[in-house]
Every structure is written in structure tokens, then in C-alpha cells.
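The values are calculated or read from the model by the stated rules, or taken from the named source; none is laboratory data. Being a predicted model, the structure only gives us computed values, none of them experimental. Cβ placement follows ideal geometry from the backbone for every residue including glycine, while neighbour counts extend to all protein chains displayed. Side chains are part of the model used for accessible areas, which takes the heavy atoms of the whole protein and leaves out ligands, DNA and RNA. Shrake-Rupley method; radii C 1.70, N 1.55, O 1.52, S 1.80 Å.
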Amino acid sequence: MSIKLDVELAGLRLRNPTILASGILGISKKILERVAKSGAGAVTTKSITVKPRGGHNNPIFIQSTKETFLNAVGYSNPGLKAAKKEFEDLSDFPIPVIGSLVGEDAEEFAYLAENIKEIGFKAIEIVLSCPHTPGYGLLGGHGTPEATKEITSAVRKKTKLPLFVKLSPNVMNLGEVAKAAEKAGADAITAVNTLGPGMVIDVETAKPILGFKVGGLSGPALKPIAMRCVYDIYKAVKIPIIGVGGIITGKDAVEMMMAGASAVGIGTGVYYRGMNIFKEVCDEIEEFLESHGYSNVKKIIGLAHRD
Ligand SMILES: Cc1cc2nc3c(=O)[nH]c(=O)nc-3n(C[C@H](O)[C@H](O)[C@H](O)COP(=O)(O)O)c2cc1C
């Protein structure tokens, strides 16, 4: 049986449902090209801010349990001007590149959306959900339905590109937040960003290990929370969902798609399985579909919602 893995995401055609999540490897065109070669269906850049940012002090990323990573990178990136140079020519890029944008308020988000127009991004992802960077995401008050509506509509006015809104697992009314994004013109929801923040203490020095003391939780421990978030959002909105959080294997991806995701983002999984994770996850999805009699991956989207 020939198995179809291609999916449609807010007007984008992806050769398979795996997407490199933001913040993991997405700092240069060259690295994104390697990820594309490794089999991803699409890639997301590291989040871009208006001005260059140094981010938090080291250490910024640590494995805290077998199943848990914590990071507090703090949006270190060279800023909009450098991003425009780095990604200036994406015309020959083999898969869609999603530009991740993050600002401190609606005005800054809108400015970014307007000023990345020359870059050949195929979609924009706006991040309203970081749990550990003062002024941004949850610490900037962006996790509410009201802020989501304000920021999403400001960006919507500035771009015709497919617009993805990235949400936090920390809020209890996630369906309401997703609905606010949909009403304000979002074309897809990315769920979720890291959870927390959490903390790891070095017992020898009796000090928190991360430079910022706390960091967002990612990896397999996040998966059941991300799963429930995607399940809730699927019930609340009609636009597609990119399910992110603890996807390491093809079975994880299948589960996420059954919860309602049209595609899956992979971040921490790269640390467990290397860059080949994209191809391996696709092979494993294919094996699952074949052994369960599905000819097309689209058939499993939202399956867990049947009575
Ligand atoms: C080191 C690191 C850096 C990250 N940086 C960003 C970022 O710049 N923008 C963003 O939207 N998400 C960022 N994230 C969150 C991931 O994109 C993803 O939503 C989260 O890690 C959950 O997925 P995972 O369990 O597959 O890693 C980062 C995650 C990690 C681990």
C-alpha cells in the first residue's frame, strides 16, 4: 500500500507533517537547509525580535530529569536587520520556512510583520507564550484572550501570509485564547510553547543552575499536557493546529494528530535523536499507518474526538 504523508496547513502544502519547532537550530539558512535535507516537512526560524538580544546568562539549557529539559534562552537573536540579511533569499528553499516573530506589544509585532515582507517566509508564527522572558509572552501579559486578540489583529492588518499564533500550556482557558486568535484572523494555532517555568538546583552549590534561575519545560514530560491542550483547542476552533511538545517518535506524532493536530512541531526531540529525527518520525508514522490500514495520514487527524 502506498501511504500518503503530505498534509495541508493553512494553504501550505507540506510533504509530511513534521516541522522544526522555533528556537531549535533555526538561526541560519544553512542549518535550516540541513534540516530540510533531513526530511522535515517545514522549518521554523528562531524567534526574531526588532533589536538584537543577548538573551539570558549561561547556562541556558539543561536536562533536569530523563524526560525533562528546562531552557531559559531569553530570545537571544541578532534582530530583524540581521534576520533579513540571513534569510534574504529563500526562493530556492525546498520546503516552507515559517518566520517566528516576537515583540513586547501589538505595535512591535505589527512592525515585525510589516518589515519581514521582503523575506520569502511562507508563513508567520507570532509567539505569545514564552514563560521566562521579562516583557515577552506570559511575562508580558500576552497569554490572555484580550491580548491575543489585540496582537493577532494588529499583525493580521500587516500581512497576507498565513498567520500562526503560538500559545502557552500554562493557561486554563486555552480554548478561549485559541478562539480569540481565530476571530482576530489567525490561520492556525501552534500549541504549545514550553510549560512552567521550572527550576533545577545544584545541591553542591545550593544554587539554581540556570542563569535565569527558572526555565521553560520541554521534552517527553510535556507531551501529555500538550496533548490535552491540542485536544481542547481542536474542540474550540476550526483552523488547523500544529501540535508541539515532547514529540520524539512516530507514535507520539500519531497521538498528537489523533488529538487534532494537522502537523507536529519537533524541538527537544532533536537532542534525543539528532537531525535524522524528521525522517525517522516519518518512517515510523508510515509504519503505523500501514499496519493499521490507513492509506493517508490526514485520516487520523482528530480521530480521538469520535464518540
Ligand atoms: C532551547 C530552546 C529554545 C527555544 N526557543 C524558542 C523560541 O525562540 N521561540 C519559540 O516560539 N519557542 C521556543 N522554544 C519552544 C519550542 O519551540 C517548543 O514549543 C517547546 O520546546 C516544546 O516542544 P518540544 O518538547 O518538542 O521541545 C524553545 C525551546 C527550546 C528547548
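Values for this structure:
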{"quantity": "Restricting the stretch 1-69 to GluC sites (Glu not before Pro) in coil, as DSSP defines it, with at most 16 other Cβ within 10 Å", "calculated": "GLU67"}
{"quantity": "Neighbour cut-off at most 14 other Cβ (10 Å), DSSP loop, GluC sites (Glu not before Pro), the stretch 115-167", "calculated": "GLU118"}
{"quantity": "Surface accessible to a 1.4 Å probe, per residue, for the residues of the stretch 36-93, Å²", "calculated": "50 Å²"}
{"quantity": "Exposure rule at most 13 other beta-carbon atoms within 10 Å, DSSP loop trypsin sites (Lys or Arg not before Pro): the chain longest free segment", "calculated": "161-237"}
{"quantity": "The chain, relative contact order in percent, only Cα pairs under 8 angstrom and at least six apart counted", "calculated": "19 percent"}
{"quantity": "With every protein chain in place, the chain: carbon and sulfur % of accessible area (1.4 Å)", "calculated": "53 percent"}
{"quantity": "Distance from the stretch 120-147 to the stretch 230-307 (C-alpha centre basis), Å", "calculated": "24 Å"}
{"quantity": "Rounded, prolate or oblate (a/c below 1.5 giving rounded, otherwise prolate when a/b exceeds b/c) for the stretch 183-304 by Cα gyration tensor", "calculated": "oblate"}
{"quantity": "Global form of the chain, assessed from the alpha-carbon gyration tensor, a/c cut-off 1.5", "calculated": "rounded"}
{"quantity": "Theoretical ellipticity at 222 nm over the chain - DSSP helices of four or more residues, -39500 (n - 2.57) apiece, nearest 500", "calculated": "-9000 deg cm²/dmol"}
{"quantity": "Those lysines that a straight Cα-Cα span of less than 26 Å connects to LYS157, excepting residues fewer than 8 apart in one chain", "calculated": "LYS46, LYS51, LYS81, LYS84, LYS85, LYS117, LYS122, LYS149, LYS166, LYS179, LYS183, LYS238"}
{"quantity": "Relative contact order %, the stretch 117-167, counting alpha carbon pairs below 8 Å whose residues are six or more apart", "calculated": "45 percent"}
{"quantity": "Summed side-chain charge close to CYS282 - residues other than CYS282 whose Cβ falls under 13 Å, Lys, Arg +1, Asp, Glu -1", "calculated": "-3"}
{"quantity": "The stretch 121-262 shape via C-alpha gyration tensor axes, a/c threshold 1.5", "calculated": "oblate"}
{"quantity": "Computed lengthening from LYS213 to GLU88, 0.36 nm per intervening residue step minus Cα-Cα distance", "calculated": "41.4 nm"}
{"quantity": "Dipole of the chain [Lys/Arg +1, Asp/Glu -1 at C-beta], most positive-end residue of VAL281, GLY141, ILE301", "calculated": "GLY141"}
{"quantity": "Summed side-chain charge close to GLU67 - residues other than GLU67 whose Cβ falls under 13 Å, Lys, Arg +1, Asp, Glu -1", "calculated": "+1"}
{"quantity": "Dipole of the stretch 148-299, positive direction: furthest Cα of ALA154, GLY219, VAL230, with charges on the beta-carbon", "calculated": "ALA154"}
{"quantity": "In the stretch 173-226, the GluC sites (Glu not before Pro) that fall in loop regions by DSSP, at most 15 other Cβ within 10 Å", "calculated": "GLU204"}
{"quantity": "Using distinct alpha-carbon pairs, which all enter the 1/r mean, Kirkwood radius of the stretch 1-48 in Å", "calculated": "11.4 Å"}
{"quantity": "Solvent-accessible area per residue for the stretch 164-305 (1.4 angstrom probe, square angstrom)", "calculated": "40 Å²"}
